[in-house]
Amino acid sequence: IRCWSNIPFITVPLSRAHGKPFAHRSELKHAKRIVVKLGSAVVTRGDECGLALGRLASIVEQVSMLQNQGREMMIVTSGAVAFGKQRLRHEILLSQSVRQALHSGQSQLNDMAIPVLEARACAAAGQSGLMALYEAMFTQYSICAAQILVTNLDFHDEQKRRNLNGTLHELLRMNIVPIINTNDAVVPPPEPNSDLQGVNVISVKDNDSLAARLAVEMKTDLLIVLSDVEGLFDSPPGSDDAKLIDIFYPGDQQSVTFGTKSRVGMGGMEAKVKAALWALQGGTSVVIANGTHPKISGHVITDIVEGKKVGTFFSEVKPAGPTVEQQAEMARAGGRTLAALQPEQRAEIIYRLADLLTDQREEILLANKKDLEEAENKGRLALPLLKRLSLSTSKLNSLAIGLRQIAASSQDSVGRVIRRTRIAKDLDLEQVTVPIGVLLVIFESRPDCLPQVSALAIASGNGLLLKGGKEAAHSNQILHHLTQEALSIHGVRDAVQLVNTREEVEDLCRLDKLIDLIIPRGSSQLVRNIQKAAKGIPVMGHSEGICHVYVDTDASVEKVTRIIRDSKCEYPAACNALETLLIHRDLLRTPLFDQIIDMLRVEQVKIHAGPKFASYLTFSPSEVKSLRTEYGDLECCIEVVDSVQEAVEHIHKYGSSHTDVIITENEKTAELFLQHVDSACVFWNASTRFSDGYRFGLGAEVGISTSRIHARGPVGIEGLLTTKWLLRGDNHVVSDFSEHGSMKYLHESLPLPQRNAN
């Protein structure tokens, strides 16, 4: 039952059948009925005379896509005045040119003046053309559109309002997209915002208020307001300290300073916010976003409906903790304090964390047991991921040992001088190591990653944002609590933050002003998605771990089966596990080859035959679908090569530049392989599984990088540092070093300070 007051301006209904607005962006994908409001700045060109046809076509495409998904779409549009102004100007110029050509001659055509065009006349001339344009565009997607023109009076009269409601419902039932606009041909001149002093009353005076009123009237799930700004800022956009507000809550108006309205249209941002709050209070979720930016306008509507972090989302539910933006700022401030500590103090924090991992072992394993039980009950994790999720006493002990190793080796990591140069007399230059800044580490099903990465961030003085998978929520929570407990001994608790909000990974990757480096730890699909989503933030990592072992003709029989078994079977889900076994052709049908096959069968490794290997066999295993496959399980591909050079070429063509191994007793062949294989890790007579930060003596790793710049291979403390230059002078200026200046460059290398031997 809808209850309304009898005052001239419609009030918020006392009860709504469709319930409360969505509390979180992630719920917007469930929106069934959606109103899209197109502001004048979105629909019109920059010269305010004519329509932005490309932008409008993109919006129609997105609306059509959502309509064809089974949603009920409505558009509240501006643009009739601008379209009419274009038509009337053209008609006036044509008329004047004809008259002047007849009476005054061609020479006076350039002196013609365009009279000021009255807005209502422009609207009357433009409404039909605007609707014809919408109809033509929607027809391309087999969708019918219908025009509805309204005024404020249509909402005051109860019968007219019922008629409007019935018409809209009937159009939606027939899968028709209503195109709604204020009837600007007959509306009175715009009035001040006196009727928008609160959120309890609203009248139709512009398309913002029309969209809000329509959304409430039609019990709409979502109202999308597109303008020419990214959303709502805490101060006027363009000012130095202006920050985009991700989520706006009722009552936050006091913290916002409004600027001027957009270049066209009747409503400014203040009117949009008041209309949005009115709609929110009426039960409709609202997002205000930019519909003019060329990089996002082509998918802004669909992104909003998918729950992506676009524009400003209006919500009545405030989260219990800080936003992810606030967490990133806290991590940066905490990281700077952490970097300013003495090396012994940072080491003390890591030692304390190592002690907590063993002291609180029972609580950690209990939390991990909850994660394992939930994952098994829901059946959402494959066996390799379940193995990664599992913690044990031995794993925690190994973690603690690795953390103590990090603490011991981190004494002179930050602030270490790596180069000293005397530029000139009394002008000395130093290059010193400094933290990168704020790291975002995203990891799946590996709670042991949290203390490892935290220790490396602490040792290198970096702020840290952690985003773990929900399958490890209980484990991550207690491990993060212990990390903050360790950080508290020197007052830097905020330096490591665990993101617990419903942030999508893609949204986190857009925080380029807050995050300096992204490190993904998980499946190849996760890494690829992050590399694709990252906007202006470097990503360190590898998308795949396609590791090779090449068995040469001079391989030792005793070494071959041990190395292959360890590389494939010790932990098949690891990124450094063997995936493709390359065998020299001369070894086929030899006892050594038979031993390899027998061992793999005993270990229950499923074999896939490469094309050349299959050609040598009468009855071969299933032929591999792709030589670029990371199995992550007890499976591998076997392929045949004619020489070490062909093995190198195969690795370059099908590998992922992760870890590759040669087994041979021929030192010359081994060195050729070591020098020519272009991978992050290249081994001789050793298992691929040695490609690990702990086994390299780094204490732990944040990941294994296959990048060509900065860090490569297992990344420890050194990979989380960059450098800065310190120049100490005494009244030096560049002009003193000119041709006729008094000083000369020396560029002398100076000895480095003695490193801490401990």
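Observations on the model:
- Failed item in (1) open to solvent by 80 Å² or more (accessible area, probe 1.4 Å); (2) touching a helix residue (DSSP H, G or I) at 6+ places or on another chain (Cβ under 6 Å); (3) at pLDDT below 95, with Val702 passing the rest: (1)
- A single member of Val499, Val551, Val539, Val505 is out of contact with any Phe, Trp or Tyr (no Cβ under 8 Å at 6 or more places or on another chain), among the β-branched types (Val, Ile, Thr) and free of Cβ contacts under 8 Å to residues at least 60 places away in the same chain, and it is Val539.
- For Val60, the stated conditions hold: it is in the same structural domain as Lys295 (by the TED database) and either open to solvent by 40 Å² or more (accessible area, probe 1.4 Å) or modelled with pLDDT of 95 or more (or both).
- Note on the stretch 355-368: residues that are closer than 30 Å to Asp412 by Cβ and touching a Pro at 6+ places or on another chain (Cβ under 8 Å) amount to 1.
- Of the residues examined, Leu396 is one that is more than 27 Å from the chain's Cα centre (by Cα) and at pLDDT 95 or above.
- Matching residues, the stretch 311-338, being among the small types (Gly, Ala, Ser), buried (at least 20 other Cβ atoms within 10 Å of the Cβ) and under 19 Å from Gln484 (Cβ atoms): Ala328, Ala331, Gly334, Gly335
- Residue list for the stretch 343-372, filter: among the aliphatic types (A, V, I, L, M) and open to solvent by 30 Å² or more (accessible area, probe 1.4 Å): Leu365, Leu366, Leu372
- Selection of helices (runs of 4 or more DSSP H) fully inside the stretch 308-382 by the criterion of at least 3 residues being more than 22 Å from Leu466 (Cα to Cα) returns 343-359, 361-378.
- Residue match in the stretch 394-407 (condition: open to solvent by 20 Å² or more (accessible area, probe 1.4 Å), among the basic types (Lys, Arg) and over 30 Å from Asp512 (Cβ atoms)): yes
- Contacts under 7 angstrom Cβ, first residue in the stretch 625-651 being of a type in the set (Phe, Trp, Tyr), partner surrounded by 16 or more Cβ atoms within 10 Å (Cβ to Cβ), 6 or more apart: Tyr631/Glu579
- Inside the stretch 68-84, residues that are buried (at least 23 other Cβ atoms within 10 Å of the Cβ) and of a type outside the set (Ser, Thr, Tyr) make up a count of 10.
- Qualifying positions in the stretch 730-743 - modelled with pLDDT of 90 or more and either open to solvent by less than 100 Å² (accessible area, probe 1.4 Å) or closer than 19 Å to Arg420 by Cβ (or both): Asp730, His732, Val733, Ser735, Asp736, Phe737, Ser738, Met743
- Ile179 passes every criterion in (1) more than 23 Å from Ser58 (Cβ to Cβ); (2) aliphatic (A, V, I, L, M); (3) touching a residue at least 24 places away in the same chain (Cβ under 8 Å) apart from (1).
- Verdict on Asp678 being surrounded by fewer than 23 Cβ atoms within 10 Å (Cβ to Cβ) and touching a Pro at 6+ places or on another chain (Cβ under 9 Å): no
- Restricted to the stretch 299-310, and to residues there that are open to solvent by 10 Å² or more (accessible area, probe 1.4 Å) and over 12 Å from Asp507 (Cβ atoms), the residue that is modelled with the highest pLDDT is Thr302.
Conditions (1) of a type in the set (Ser, Thr, Tyr); (2) open to solvent by 30 Å² or more (accessible area, probe 1.4 Å); (3) not in a loop (DSSP other than H, G, I, E, B), marked per residue:
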{"position": "Leu479", "(1), (2), (3)": "no, no, yes"}
{"position": "Thr483", "(1), (2), (3)": "yes, no, yes"}
{"position": "Leu511", "(1), (2), (3)": "no, no, no"}
{"position": "Leu514", "(1), (2), (3)": "no, yes, no"}
{"position": "Pro520", "(1), (2), (3)": "no, no, yes"}
{"position": "Ile530", "(1), (2), (3)": "no, no, yes"}
{"position": "Lys535", "(1), (2), (3)": "no, yes, no"}
{"position": "Glu544", "(1), (2), (3)": "no, yes, no"}
{"position": "His548", "(1), (2), (3)": "no, no, yes"}
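- Any hit, the stretch 6-16, residues being in contact with a helix residue (DSSP H, G or I) (Cβ under 9 Å, 6 or more places away or on another chain) and at pLDDT 85 or above: no
- Note on the stretch 652-663: among residues that are touching a residue at least 40 places away in the same chain (Cβ under 8 Å) and within 32 Å of the chain's Cα centre (by Cα), the one that is surrounded by the fewest Cβ atoms within 10 Å (Cβ to Cβ) is Tyr654.
- Put simply, of Val414, Val432, Val441 the only residue that is touching a helix residue (DSSP H, G or I) at 6+ places or on another chain (Cβ under 9 Å) and over 30 Å from Glu635 (Cβ atoms) is Val414.
- Looking only at the stretch 565-591, and only at residues there that are part of a helix (DSSP H, G or I) and in contact with a strand residue (DSSP E or B) (Cβ under 8 Å, 6 or more places away or on another chain), the one that is surrounded by the fewest Cβ atoms within 10 Å (Cβ to Cβ): Arg585
Listed here are the residues, each with its yes/no results for (1) in contact (Cβ under 8 Å) with a residue 40 or more places away in the chain; (2) closer than 24 Å to Ile458 by Cβ; (3) not small (Gly, Ala, Ser).
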position: Ser390; (1), (2), (3): no, no, no
position: Lys395; (1), (2), (3): yes, yes, yes
position: Leu399; (1), (2), (3): yes, yes, yes
position: Ser409; (1), (2), (3): yes, yes, no
position: Val417; (1), (2), (3): yes, yes, yes
position: Leu429; (1), (2), (3): yes, no, yes
position: Val434; (1), (2), (3): yes, yes, yes
position: Leu439; (1), (2), (3): yes, yes, yes
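The values are calculated or read from the model by the stated rules, or taken from the named source; none is laboratory data. Note that the coordinates shown come from a computational prediction; the quantities given were computed from them, not determined experimentally. Cβ atoms come from the backbone with ideal geometry, glycine included; neighbour counts cover every protein chain shown. Please note that ligands, DNA and RNA were not included when accessible areas were found on the heavy atoms of the full protein model with its side chains. Shrake-Rupley method; radii C 1.70, N 1.55, O 1.52, S 1.80 Å.
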